[in-house]
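Scroll down for the structure; my scribbles are underneath it.
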Amino acid sequence: MTWLVTGGAGYIGAHVVEQLLASQRSVVVLDDLTTGMVSRIPEGVTLEQVTLTDAQLVEHVFKAHEITGVIHLAAKKQVAESVAHPEYYWQENVVGLQNLLDAMSNHGVTKIVYSSSAAVYGQPDIGQDALIDETTHCEPINPYGATKLVGEWLARSRTVSDDFSVAALRYFNVAGAGRPELGDQFEFNLVPIALSALTQGKNPIIFGDDYPTPDGTCIRDYIHVHDLAQAHVSAVEFIENKNGIFESFNIGTGVGSSVREVLKAIAHVTDIHLEPTVAPRRAGDPAQLVASVAKARDMLSWTSTRTLDDIAASAWEAWSHH
Ligand code: UFG
């Protein structure tokens, strides 16, 4: 029962590895360490330092280990970078996945949990307060989201040809830390950006406060990374004894928080007064993206348990740790 976790040295991947180990499964990590860190890999877990874009090296990993299934997190995930360098995103996220799927087929490995994203939905036309469910039309608005959606299709096509079982987890806004050592060290998203500003004595910036939301700032569904990691174990349990299926699942909380509410939670847990600066809207930001989580609850028996304050407190602890 060895699960290959691609991207297992990354921020989310390391949380997933810990939860898989806690579920009594053994783990091999595949990571090229471009953004991953060796220090995040627990003792006793083998690291294969391999890039997925090298098909031969990927093949070698499957020869070297008896692999039961794959959790595929390794990917590029910065929206702005994907707009500037789409070719890089297609190469890394799609060619890399294709190599992985080929190696799986060659070695009779048919179970995969795939890291997808709420970015597959783009700016859904479902009405201001509606929740996004998995039947909502997918229309990505940037190359990152497009590569994630195509990745779902690539994996799904193997359910017919090779009897794969695929669970695609569409992450909403991931933040927080399971332990201080595993925190997000990059300043790509609201919570780490705000914490970084705070520790430098700067004001956090709100991109637009004239949205049609109660306080005028954008609403997102913030999911604690520890809850998200547990969803992967539930997804493994879901596909483990099935053949030839594909299901996508929203992984969020079902509760929306505005940018101001997130900043308020951060001020609360850090006890630092913060005076946000309001800047113009950022291009491409939908007013509201909140998940319906009924499908994950009903089919995976998984729900989130941690609150926005838990996210803010654990992110702050991890940030201070660094
Ligand atoms: N924001 C600010 N100030 C900042 C940073 C962000 O006001 O300094 C706002 C953004 O405008 C947005 C919200 O905070 O309204 C969240 O922004 P993030 O950049 O943290 O996250 P996004 O919602 O833009 O995107 C994230 C991931 C995507 C994923 C998406 C799913 O980065 O990969 O969540 O909902 F697809």
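The values are calculated or read from the model by the stated rules, or taken from the named source; none is laboratory data. Predicted model only: the values in this text are computed from it and were never measured. Cβ placement follows ideal geometry from the backbone for every residue including glycine, while neighbour counts extend to all protein chains displayed. The area values use the complete protein model at the heavy-atom level, side chains included, leaving out ligands, DNA and RNA. Shrake-Rupley method; radii C 1.70, N 1.55, O 1.52, S 1.80 Å.
Here are some notes:
- Compared with the dominant principal axis of the Cα atoms in the chain, helix 96-106 is inclined by about 30°.
- Sparsely packed GluC sites (Glu not before Pro) within the stretch 74-110, loop by DSSP, other Cβ within 10 Å at most 15: none
- Spacing of the two label points (7 Å from each Cα toward its C-beta) at Asp210 and Glu87, in nm: 3.9
- Summing charges over all other residues whose Cβ lies under 11 Å from the Cβ of Ala168, with Lys and Arg as +1 and Asp and Glu as -1, gives 0.
- Kirkwood Rh, Cα atoms: Rg over Rh of the stretch 2-82: 0.96
- Rolling a 1.4 Å probe over the protein heavy atoms gives the chain an accessible area of 43 Å² per residue.
- GNM top mover of Thr136, Thr303, Thr53 - the chain, alpha-carbon springs below 10 Å: Thr136
- With 0.36 nm allotted per residue and the present C-alpha distance subtracted, the Glu181-Val278 stretch has 31.7 nm of extension available.
- Loop GluC sites (Glu not before Pro), the stretch 1-76 (other Cβ atoms within 10 Å of the site Cβ: 10 or fewer; DSSP): Glu43
- Here the accessible area is traced with a 1.4 Å probe on the protein chains. For the stretch 96-241, carbon and sulfur cover 48 percent of it.
- Formal net charge of residues neighbouring Asp227 (Cβ-Cβ distance under 10 Å; K, R +1; D, E -1): 0
- Lys242 accessible area, assembled protein chains, probe 1.4 Å, Å²: 70
- Set of lysines with alpha-carbon distance to Lys76 below 21 Å, sequence-local pairs under 8 removed: Lys148
- Segment Thr2-Gln56, length gained on full extension (0.36 nm per residue, minus Cα span): 17.4 nm
- Antiparallel bridges, percent of DSSP beta bridges restricted to the chain (to nearest 5): 5
- Ordered from largest to smallest accessible area (heavy atoms of protein chains, 1.4 Å probe), the residues Met104, Met299 come out as Met299, Met104.
- Per atom type, the stretch 1-72 shows carbon and sulfur on 47% of its accessible surface, probed at 1.4 Å.
- Our note on the geometry: Cα centres of the stretch 305-319 and the stretch 31-50, 25 Å apart.
- Taking each residue as 0.36 nm, the span from Glu317 to Thr135 lengthens on full extension beyond its C-alpha to C-alpha distance by 61.8 nm.
- Gap separating the Cα centres of the stretch 86-140 and the stretch 171-198, nearest whole Å: 22
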